[in-house]
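One structure below.
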Amino acid sequence: MFIGFEAKRFFKNFTGLGNYSRFIITALSDYCPDNQHYLYTPTIRSHPELDALLRRPNIRVVHPRGLYGRFGGSVWRTWGIGNEESVRELQIFHGLSQELPISLPNTVKKVVTVHDLIFMRFPEFYSAIDARIYTAKVKYACKHADRIVAISNQTATDIVNFLGVDRSKIDIIYQGCHPSFKRMSTREEIEDLKSRYRLPERYLLNVGTIEKRKNALLIVKSLLHIPETSRLPLVLVGKETSYSNQIKAFVVKHRLEKWVTFLHNASFKDFPAIYQGAEVFIYPSLFEGFGIPIVEAIESRVPVITSSGTAFTEAAGPHASYIDPADPEHLAAAIKRITDDNGLRKKMVTESLLYAQRFQPSVIAGELSRLYYSMTHAG
């Protein structure tokens with residue numbers, strides 16, 4: 001089978017949608033080796049995560065040439081891909097990041113992955129122009145796709161409710177995390193990392209862009225409800241935003257400076273050891289399409305506390321601890337219960353790892369392969 005992928009973020013982004021794109025293409029290359037995978041991208045770059053993968057015989061890169069290559073990368077992604085000679089060989093084209101080219105021929109079956117519709121559910125978290133652009137792209141893609149892959153039941157429900165798509169058109173196929181989180185760091189590596197980043201010996205952890213929707217202020221507030229004699233410091237890892245200033249002001253006002261550490265520029269390669277050095281991972285976000293940091297924490301053998309409702313139960317499973325994302329006392333009680341009970345922590349980790357088997361590359365590659373086959377052999 002010949003399968004094309006919109007691969008801009010495969011090359012450009014090394015978090016989020018980029019990690020998803022590389023995860024999917026690597027998994028399919030590994031577990032469906034007889035297929036040919038065409039990556040359509042406006043730009044190519046060399047990177048350790050890319051170079052070996054791109055040398056595989058079942059992966060081919062297609063990029064614009066001529067005037068498209070010099071001036072029109074974004075135009076090519078929308079209008080030019082469908083005119084590429086290689087597209088005539090494709091049975092499937094899969095848009096991995098909520099969009100599809102406009103010019104694909106009718107002979108090619110079209111799939112689009114939708115990660116979330118947060119820009120429609122919570123437009124106040126986006127600029128007006130960004131929300132309009134994202135909405136227009138996902139509406140077009142869902143209308144013209146033959147099948148839609150939703151990364152969670154929550155996202156599938158939102159596609160139906162916000163875009164009016166028939167539920168029968170949607171397949172739920174989860175995503176997995178970066179393979180680096182499966183490698184356990186040595187004690188020496190973790191201690192070296194703590195020294196380099198000046199981290200406490202024991203700490204609570206939150207990872208994600210420090211923005212209002214992620215709700216990290218709730219964790220800081222919860223510290224006030226834990227006696228200092230049993231309180232652990234909090235490490236917040238993520239891109240700084242204006243919301244960070246709100247948290248920092250609260251920290252100063254309540255004299256929590258020694259209890260809260262911000263890491264705004266941590267290297268992604270250090271993330272596994274940062275997770276593995278933590279006592280508990282806390283993710284009190286108000287809403288996500290899935291919540292990949294939860295899976296990263298589970299793979300890192302760290303117990304998870306997260307918000308009740310939405311997609312978090314799908315990512316974390318039945319052995320996480322669920323809290324009201326508006327109640328700092330509820331969170332404080334959950335933190336104290338887990339940090340005080342080593343047996344509970346071990347049980348949460350062991351059971352959560354079993355649950356996370358559904359996010360493994362072999363499982364996801366198999367589900368996608370069956371979807372592609374059903375589309376090309378219908379009737």
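The values are calculated or read from the model by the stated rules, or taken from the named source; none is laboratory data. This structure is a prediction, so every number in the text was calculated from the model and none was measured. Counting neighbours? That spans all protein chains shown, and the Cβs are built from the backbone with ideal geometry, glycine included.
List of remarks:
- Scanning the range 209-220 for residues that are small (Gly, Ala, Ser) and either modelled with pLDDT under 95 or in a strand (DSSP E or B) (or both) yields a count of 0.
- Residues that are out of contact with any strand residue (DSSP E or B) (no Cβ under 6 Å at 6 or more places or on another chain) and either in a helix (DSSP H, G or I) or farther than 26 Å from residue 116 by Cβ (or both) within the range 221-241 comprise 221, 222, 223, 224, 225, 226, 227, 228, 229, 230, 231, 233, listed in sequence order.
- Test for residue 313: is it surrounded by fewer than 23 Cβ atoms within 10 Å (Cβ to Cβ) and touching a His at 6+ places or on another chain (Cβ under 9 Å): no
- Of the residues 329, 257, 240, the single one that is in the same structural domain as residue 220 (by TED's automatic domain parsing), surrounded by 15 or more Cβ atoms within 10 Å (Cβ to Cβ) and out of contact with any Cys (no Cβ under 8 Å at 6 or more places or on another chain) is 240.
- Inspection of the range 150-161 identifies no residue that is within 22 Å of residue 102 (Cβ to Cβ), outside any strand (DSSP E or B) and without any contact (Cβ under 8 Å) to a residue 24 or more places away in the chain.
- Restricting 292, 298, 305 to residues that are crowded, with 24+ Cβ neighbours inside 10 Å, of a type outside the set (Asp, Glu), closer than 15 Å to residue 181 by Cβ and free of Cβ contacts under 8 Å to residues at least 60 places away in the same chain narrows the list to 298.
- For the residues 148, 133, 92, 102, the requirement of being among the β-branched types (Val, Ile, Thr) and within 18 Å of the chain's Cα centre (by Cα) singles out 148.
- Screening 326, 332, 356 for residues that are of a type outside the set (Ser, Thr, Tyr) and under 23 Å from residue 179 (Cβ atoms) leaves exactly one candidate, 356.
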